[in-house]
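Chemist: Supplied in structure tokens, the structure appears directly below.
What follows draws every value from the coordinates through simple rules; no lab data is involved. All figures in this text were calculated on a predicted structure; none of them were measured in a lab. So basically every Cβ, Gly included, is an ideal-geometry build from the backbone, and we count neighbours across all protein chains shown.
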Amino acid sequence: MRNELLEKSLIHLLRQEPFFSTFYRAFRKEPSTRIQTAGVTVVDGHISFLYNEEFFESLKPEKRIGLLKHEAYHIIFEHCTERKRDPHIMWNYATDLAINSLIPSYELPDGGLVPGMQPPKIESDLPVANSYNEIYDLISKLPPNESSEWYFEKLKQEAGEAFDEVQKFEESCKGQGQGSPIPGCGPLDDHEGWGEGLSDEQKEKLKNQIKENLEKAVRESDNSSRGWGSVGAETRARLREMVAKKVNWKEILNYFVGTTQRGEKRTTHRRINRKYPYIHPGKRRSYKSTIAIYIDQSGSVGNDDIEMFFAALSELTKETEFIVYHFDTEVDESSRKQWKKHQKHVPYRTRCGGTCFEAVAKHFETVQSEFDGYIIMTDGYAPKPRRAIKKRCWMICPSGEVPGWVSNEDTSIKMTNHV
């Protein structure tokens, strides 16, 4: 059975590409003779991956994997829903260029358009062949890794007339009930008609289904020992941002500090012992800060960021006390200062060099007996340090980015100018 090839491809995703495997679980997979290659659409209110069996069988195993990734990205990045633009044919080219920048070229089936690469010339006596080749020449000059909207505007500005001719030609072919008589022209797939005939309620339901499925795929990939497979760090960061809920970063910071406070017990006759009342003294628990805080003072962290770090620490002193260090390529021992409750400090610098998180990790190991965890306040721009021996929190300023290498064992907080 030809469907066995699809099953083998899905098993490969399960073993090697956990993110895509999880995302595809909610898809229906249906063979169809109504489509020449493959595509994603809505059938009976469900997201469906449609594929032409003969086309799918003609592909090499690695190109079947690339096709599955390609179709998943169309759904993930809302190319057929929220971001859909007209004219449809130009948008289809633009989205393919954006998606195929994320997929290894050796995985893409023939016809997969990649910015910066010259598609094969169209050899045909039909006048429209010149329009296709004009578009292809432009594609060969475009940079990779731009957004679909960027490619759309570029195609519109520099090949608008060519697209008009191509659209007229392809519409006439469909009107005659046939595909294009020119082999190898056009993008890899087509999603025309997506969402047509659906009510607003059905569209909203589909949108929620896609979001829930994406959230699940991101969560499972982050927590899986197999990780994300071939999904790159920049794409992972973008996907995490897409599913991130709007949260109060101050509450997360307070929670992290609260879970790393050590409790100390002492006996007192003023407190009744619950087990032996009036026989043995009771116990009172007190809490003290066990957090070390390292403030990045490298040249890439602006003065506005330093001020925001200090303001956040002033808020923290309402709840607890802590020890603060400054660092850049090394930790400034002389900057050690205890911030007591309800105490505020004027922002200041003691360093202005590069950034080294490994220096912080090494320093914390020398003082770790004093603390139960530490916070690094930074913009996130430096190489990955060693694994933390105790709880660690990355607090990233608004101008920075949470590094893609941050461990699941660590807490990461992206600060915003507004809660």
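Chemist: Quick one: which of 69/390; 84/216; 154/203; 121/156; 60/156 span more than 28 angstrom between C-alpha atoms?
Modeler: The pairs that break the limit, which is 28 Å between Cα atoms, are 69/390; 154/203; 60/156.
Chemist: Given an 8 Å cut-off on Cα distances and at least 6 residues of separation, report the relative contact order of region 19-97 as a percent.
Modeler: The value is 23 percent.
Chemist: Using 0.36 nm times the number of residues separating residue 254 and residue 8, minus their current alpha carbon distance, what extension gain do you get?
Modeler: Values: separation 246, 0.36 × 246 = 88.56 nm, distance 4.77 nm.
Net length gain for the segment: 83.8 nm.
Chemist: I would also like to ask the following. Name the long-range amide H neighbours of residue 29: under 5 Å, sequence gap of 5 or more, or other chain; modelled H, no Pro or chain starts.
Modeler: The answer is 49.
Chemist: Just need the relative contact order of region 3-243 here, percent rounded to a whole number, with Cα pairs under 8 Å and 6+ apart.
Modeler: Rounded, it is 24 percent for region 3-243.
Chemist: Using Cα positions and a limit of under 14 Å, work out the aspartates and glutamates in reach of residue 414, with same-chain residues fewer than 8 apart set aside.
Modeler: 241, 251, 305, 379, 401
Chemist: On a full-extension model of 0.36 nm per residue, what is the gain between residue 126 and residue 168, subtracting their alpha-carbon distance, rounded to one decimal in nm?
Modeler: So the extension gain works out to 13.8 nm.
Chemist: Considering only C-alpha atoms, what is the centroid distance from region 24-92 to region 345-419, in Å?
Modeler: 42 Å
Chemist: Over region 71-149, what is the relative contact order in percent, taking alpha-carbon pairs closer than 8 angstrom and at least six residues apart? Mind dumping the intermediate values first?
Modeler: Working: 73 pairs, mean separation 24.9, N = 79.
Computed over region 71-149, the figure is 31 percent.
Chemist: Looking at this model, which pairs from 29/205; 8/141; 141/168 are more than 29 angstrom apart at the alpha-carbon?
Modeler: Those over the limit are 8/141.
Chemist: Additional query: Per 0.36 nm of contour for each residue apart, how much would the distance between residue 215 and residue 350 grow if the chain were fully extended, relative to their Cα-Cα spacing?
Modeler: That pair, residue 215 and residue 350, stretches by 44.4 nm at full extension.
Chemist: Taking the mean number of other Cβ atoms within 10 Å as a proxy for protection, how do you rank 339-348, 52-61 from highest to lowest?
Modeler: 52-61, 339-348
Chemist: Okay, moving on. Would you please give the residues with an amide H less than 5 Å from that of residue 414, counting only those at least 5 places away or on a separate chain, with H modeled from the backbone geometry?
Modeler: 396
Chemist: Residue by residue through region 142-157, which ³J(HN,Hα) values in whole Hz follow from phi under the Karplus form 6.51 cos²θ - 1.76 cosθ + 1.60 (θ = phi - 60°), with glycine and proline marked x?
Modeler: 7, x, x, 6, 9, 6, 4, 4, 5, 5, 4, 5, 5, 5, 5, 6
Chemist: Can you give the charge dipole size of region 3-243 about its Cα centre, rounded to the nearest 20 debye, using +1 on the beta carbon of Lys and Arg and -1 on the beta carbon of Asp and Glu?
Modeler: Charge dipole, region 3-243, about its Cα centre: 920 debye, nearest 20.
Chemist: How far apart, in nanometres, would the label points at residue 145 and residue 314 be if each is projected 7 angstrom from Cα along the Cα-to-Cβ direction?
Modeler: For residue 145 paired with residue 314, the spin-label model returns 3.9 nm.
Chemist: Sorted by mean Cβ packing within 10 Å, highest first, what order do the peptides 122-128, 400-406, 66-72 take?
Modeler: Ranking the peptides 122-128, 400-406, 66-72 by packing returns 66-72, 400-406, 122-128.
Chemist: Any idea what the alpha-carbon Rg over 2.2 N^0.38 Å comes to for region 311-367?
Modeler: Region 311-367 yields a ratio of 1.21.
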